[in-house]
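Asker: Sharing a structure below in structure tokens format, with a few things to ask.
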């Protein structure tokens with residue numbers, strides 16, 4: 001009887017999802033991290049998290065939305081703090097911002113802030129418990145930035161799910177992303193149009209141990 005009771009509690013704790021954890025959104029610039037963050041917040045809080053822009057590095061500071069609770073069809077709940085991080089890049093040049101129409105002063109300021117944002121993103125790897133790596137599914141997944149992000153996560157043994165975003169675009173390829181990172185679960189979505197979000201939330205429960 002004691003063994004049965006012990007076994008029951010052991011299996012119960014194994015199934016219990018991690019609650020009140022920090023869920024970090026990581027990825028290169030313009031992969032759709034903030035768009036996904038906004039979608040999650042709209043779905044469960046009724047409000048957006050941050051602004052988005054076609055110009056890279058719109059998000060240049062860590063943004064945190066606390067106490068987001070999502071529910072599934074079984075009635076289970078998952079509570080977490082969502083951490084939206086600035087896009088990680090190996091090179092930030094203010095002249096690239098000027099090509100989008102910015103003046104030199106504003107471009108230099110944005111480049112400086114973006115560089116600080118990258119440093120802060122990496123520092124926050126020590127704070128988050130679970131990570132969603134958001135990638136543009138139309139781009140080459142084998143980029144130096146992506147490999148660097150995955151390498152840092154693997155070194156810290158952080159639970160990871162790769163989100164292949166922008167599947168609404170013709171050039172997107174989930175299989176290409178899966179081939180690049182076979183060690184992690186991959187989910188294809190369109191954060192902009194809310195495509196496949198129900199499956200995304202189900203996978204999030206699995207990632208958290210539900």
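Asker: According to the Cα gyration tensor, what semi-axes, each the square root of 5 times an eigenvalue, does the equivalent ellipsoid of the stretch 19-207 have, listed from largest to smallest in whole Å?
Answerer: Details: eigenvalues 134, 67, 56 Å².
Each semi-axis is the square root of five times an eigenvalue, giving 26, 18, 17 Å.
Asker: Could you give the semi-axes, largest first, of the ellipsoid that matches the stretch 133-185, computed as the square roots of 5 times the alpha carbon gyration tensor eigenvalues and rounded to whole Å? Could you put the intermediate results ahead of the total?
Answerer: Values: eigenvalues 80, 23, 15 Å².
Result for the stretch 133-185: semi-axes of 20, 11, 9 Å.
Asker: Principal axis lengths of the stretch 117-210 from Cα atoms, whole Å, largest first?
Answerer: Result for the stretch 117-210: principal-axis Cα extents of 35, 33, 26 Å.
Each value in this text was obtained by applying a stated rule to the coordinates, not by laboratory testing. Small disclaimer: the values here were computed from a predicted structure and weren't measured.
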